[in-house]
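Each remark here refers to the structure printed beneath this line.
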């Protein structure tokens, strides 16, 4: 067994046991099979990874929409640093200096009243590369696309909005939508044409704009439903939002793309990230959000954190150390 295989296996060992709930057991095997056959044409021997836990009365289901090796880390993280500096930090954390794995983790939250999906993964466009497995994962966990009552978009980069449509129709036909007003206004503005944001705008026009009449646009402090509140964390995108879940005194913050690597973005929050559209504002949001999480000892779920993407942070010299979730929510 080589070193990379050993490291890859470690993440699996850290996963906590699945907690089966009433919402999952209520679905019959025949309904699961039917939904799987009609929701997408992709055929895998195994369903995607899912992870289920409770935040108070809220059931939280994390689905691995996919993952991929993404090349030289310094081309994405620490773009204002030397490859040697970035590589040294990775090696100090038992990671290879010349490659990294990027994964994608949409989240379903069942409040007992609403079934809320946060972000939609890659969708149809990712399936040729083994991505876009959200609906497949929901089906395996006992949910149908029709069960989703609210879809929340943290922001409008392609890996978050790609699954909104399926075969030219809304993938979640019974849902209403919630997203940030500032984010939507930026992407639909005709001023994006002819700029580096033009390709991203095309995805928004195709996937998000057709749903505008069913969308509620919110700002900092806006409520999605009782116990789910939006918070501004601009920088990664112009209107990037994060969301706080609170039930029975338990809390979880969905940090979306505030930090996109559990070492490079957290231990060095000032390092520039290729996909942060306003790099200074993104760094400021990282420090503000993760200072809050560290101070208040709150759990968070980051869209690109190592699956199941849930953990805590503690303050260290220049940034924060990621501590994966264990059994905190099982007790």
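Remarks
- Scanning region 289-298 for residues that are outside any loop (DSSP other than H, G, I, E, B) and either in contact with a strand residue (DSSP E or B) (Cβ under 6 Å, 6 or more places away or on another chain) or buried (at least 16 other Cβ atoms within 10 Å of the Cβ) (or both) returns 289, 290, 293, 294.
- Within region 299-325, the only residue that satisfies the criterion of being in a loop (DSSP other than H, G, I, E, B), surrounded by 13 or more Cβ atoms within 10 Å (Cβ to Cβ) and more than 17 Å from the chain's Cα centre (by Cα) is 319.
- Residue within region 157-178 that is in contact with a helix residue (DSSP H, G or I) (Cβ under 8 Å, 6 or more places away or on another chain) and closer than 20 Å to residue 55 by Cβ present: no
- Count of region 68-77 residues, restricted to those that are buried (at least 19 other Cβ atoms within 10 Å of the Cβ) and part of a helix (DSSP H, G or I), is 2.
- Of the residues contained in region 225-239, none is found to be more than 30 Å from residue 279 (Cα to Cα) and assigned to a helix (DSSP H, G or I).
- The residues of region 109-130 that are under 24 Å from residue 53 (Cβ atoms) and touching a strand residue (DSSP E or B) at 6+ places or on another chain (Cβ under 6 Å), listed by number, are 109, 110, 111, 114, 116, 117, 118, 121.
- Yes/no for residue 213 being without any contact (Cβ under 8 Å) to a residue 24 or more places away in the chain and surrounded by fewer than 22 Cβ atoms within 10 Å (Cβ to Cβ): yes
- For residue 80, the stated conditions do not hold, so it cannot be described as surrounded by fewer than 17 Cβ atoms within 10 Å (Cβ to Cβ), modelled with pLDDT of 95 or more and within 28 Å of residue 326 (Cα to Cα).
The values are calculated or read from the model by the stated rules, or taken from the named source; none is laboratory data. Everything numeric in this text was worked out from a predicted model, so none of it was measured. Cβ: placed from backbone, ideal geometry, glycine included. Neighbour counts: every protein chain shown.
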